[in-house]
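So the structure is just underneath, and the comments pick up after that.
The values are calculated or read from the model by the stated rules, or taken from the named source; none is laboratory data. Remember, predicted model here, so these are calculated numbers, not experimental data. Counting neighbours? That spans all protein chains shown, and the Cβs are built from the backbone with ideal geometry, glycine included.
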Amino acid sequence: MKTMTAILIGAGDRGARAYAPYALAYPNELRIVAVAEPGLERREKIQQSHGIPEENCYESWEEILNLGQKIADIAIICTLDQDHFKPTMRALEAGYHVLLEKPMSPKPVECIAMEQAARKYNRQLTICHVLRYTEFWSTIKKVIAKGDIGEVVSLQLNENVEVMHMSHSFVRGNWNNKEKSSPMILQKSCHDMDIISFVIGKECKRISSYGSLMHFKEENAPEGAPQRCLDGCPAERECPFHAGRYYLGEGRGWAKKFTEDDTNEGIIKALQETPYGKCVYHSDNNVVDHQVVNMEFEAGATATFSMCGFTREQTRIVQIMGTKGEIRGNMEENSISIFDFLTKHETVIKFDNPVGGHGGGDTGIMRTFLREIQVGNNGDSVSSASASVRSHLMAFAAEDSRLNKGQSITIDEYYQSLLDNSNK
């Protein structure tokens, strides 16, 4: 396998900590040769760790993609959700294969356009549905495909977001406001729409959804709570979300996501200046803190999905019921059990501790992406844009259903209406 080269567009948490480290661990497979990142500290860190020449460091994606020539094989695009479309379209046009952080775009017509562009330019456009690349989910997929539990009748998936992760990312953080980023079902849970489709192996035909923002809003603020936690909150000892106590204590690792200076002084300064120091009841958040989705697949199988921000741990728990048996699994425990209705035998599989984030999926997607490019697997990757568009449409339809009191939406009709509107 020859060494491939990549440009990194967006050196935030996912770009710098999830995907770029693959080049440091496997320099014989991948080299990061250029970076575009508006934040000086982030840009310099990537430059230093990957040995990128100064002339290959840019502030914007426009600069790096309008050089008049392609300078690498791959573009790894990890900008904010709203900024995925334009650099992806330009990179595909310029001849780059693209690894794109999910979600593809907060706009369904842009998701469709990106998938069409990948086909037009015969480029690989892989979406970072990293769960597909974990041993946990790929094994479940194989068990179902072999027929070990017969035909899938119903699937239940719970996404336990974990209460402090909810407050960090979706109340105070980059994804707290759907107008500025994406709806929760798209940003956080397009993983889940995708993995449900992946393991069932059939198309979702109809979908409905309910959910709301119940807790993290002004009327639930403690009496006298200031705008920022460090401004003398009277509920400091009673509130689990107090920013000072959390980020200077057990949440210190999360503080690295909003400040490059993780000393006490650096964290305190960031809490005084960034949204991460705001009271969770005085933020500009509007994404849901809980949501349920009901799905019907071709041939009649059903699935239910529940996302909730009020859980003690961060994990996904799945139960898949077939005509011959049942699968149960917990990602945090990294194990699954397979029960046979005839023999009453239970097979328990405990997976090795994964290397890398998302149960090993972050490493797995990089390894697979590089190999798929080299074998010329354009348009047919494990998580290609063509596969991802369908699960994105499920998320968009679920959000539309939620906003319309749980109205049932037929996916094919929804897709056609989007095509009709985009062609007007």
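Kindly provide the set of residues from the stretch 316-358 that are in contact with a Lys or Arg (Cβ under 6 Å, 6 or more places away or on another chain) and either within 26 Å of Lys102 (Cβ to Cβ) or in the same structural domain as Arg17 (by TED's automatic domain parsing) (or both), ordered by number.
Those that are in contact with a Lys or Arg (Cβ under 6 Å, 6 or more places away or on another chain) and either within 26 Å of Lys102 (Cβ to Cβ) or in the same structural domain as Arg17 (by TED's automatic domain parsing) (or both): Gln319, Met331, Ser335.
Let me spell it out: the conditions are (1) within 23 Å of Gly15 (Cα to Cα); (2) assigned to a loop (DSSP other than H, G, I, E, B), and Asp148 meets all of them except one. Which number is the exception?
Condition not satisfied by Asp148: (1).
Please go through the stretch 63-99 and pick out each residue that is in contact (Cβ under 8 Å) with a residue 40 or more places away in the chain and out of contact with any helix residue (DSSP H, G or I) (no Cβ under 9 Å at 6 or more places or on another chain).
Ala72, Leu80, Gln82
Determine whether the stretch 177-186 contains at least one residue that is in a loop (DSSP other than H, G, I, E, B) and in contact with a Ser or Thr (Cβ under 8 Å, 6 or more places away or on another chain).
Scanning the stretch 177-186, I find no residue that is in a loop (DSSP other than H, G, I, E, B) and in contact with a Ser or Thr (Cβ under 8 Å, 6 or more places away or on another chain), so the answer is no.
Quick test of your reading of the structure: Leu271 fulfils all but one of (1) in contact (Cβ under 8 Å) with a residue 60 or more places away in the chain; (2) within 30 Å of Met214 (Cβ to Cβ); (3) not in a strand (DSSP E or B). Name the failing condition by number.
Evaluating Leu271 over (1) in contact (Cβ under 8 Å) with a residue 60 or more places away in the chain; (2) within 30 Å of Met214 (Cβ to Cβ); (3) not in a strand (DSSP E or B) leaves (1) as the failure.
Filter the stretch 256-266 for residues that are of a type outside the set (Val, Ile, Thr) and at pLDDT below 95; which is surrounded by the most Cβ atoms within 10 Å (Cβ to Cβ)?
Per the stated criteria, the residue is Phe258.
For the stretch 335-377, enumerate the residues that are surrounded by 20 or more Cβ atoms within 10 Å (Cβ to Cβ) and part of a strand (DSSP E or B).
Correct list: Ile336, Ile338.
Within the stretch 195-210, does at least one residue satisfy the condition of being at pLDDT 95 or above, surrounded by fewer than 18 Cβ atoms within 10 Å (Cβ to Cβ), among the polar types (S, T, N, Q) and at negative phi?
Taking every residue of the stretch 195-210 in turn, none turns out to be at pLDDT 95 or above, surrounded by fewer than 18 Cβ atoms within 10 Å (Cβ to Cβ), among the polar types (S, T, N, Q) and at negative phi.
Yes/no per residue for (1) outside any helix (DSSP H, G or I); (2) within 30 Å of Asn285 (Cα to Cα):
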position	(1), (2)
Val143	no, no
Val153	yes, no
Gln156	yes, yes
His168	no, yes
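Pick from the stretch 110-127 the residues that are part of a loop (DSSP other than H, G, I, E, B) and touching a Phe, Trp or Tyr at 6+ places or on another chain (Cβ under 8 Å): which of them is nearest to Asp352 (Cα to Cα)?
Taking the candidates together, the pick is Gln124.
Is there a residue being assigned to a helix (DSSP H, G or I), aliphatic (A, V, I, L, M) and at pLDDT below 95 anywhere in the stretch 92-105?
no
Go over the candidates Lys142, Lys202 one by one and state the one that is without any contact (Cβ under 8 Å) to a residue 40 or more places away in the chain and more than 21 Å from the chain's Cα centre (by Cα).
Of Lys142, Lys202, the one residue that is without any contact (Cβ under 8 Å) to a residue 40 or more places away in the chain and more than 21 Å from the chain's Cα centre (by Cα) is Lys142.
Name, by its number, the condition in (1) assigned to a loop (DSSP other than H, G, I, E, B); (2) under 23 Å from Met307 (Cβ atoms); (3) modelled with pLDDT of 95 or more that does not hold for Ala225.
Failing condition for Ala225: (2).
I need a count of the residues in the stretch 378-404 that are assigned to a loop (DSSP other than H, G, I, E, B) and at pLDDT 95 or above.
1
Just a yes or no: is a residue in the stretch 276-289 under 30 Å from Gln407 (Cα atoms) and part of a strand (DSSP E or B)?
No, the conditions are met nowhere in the stretch 276-289.
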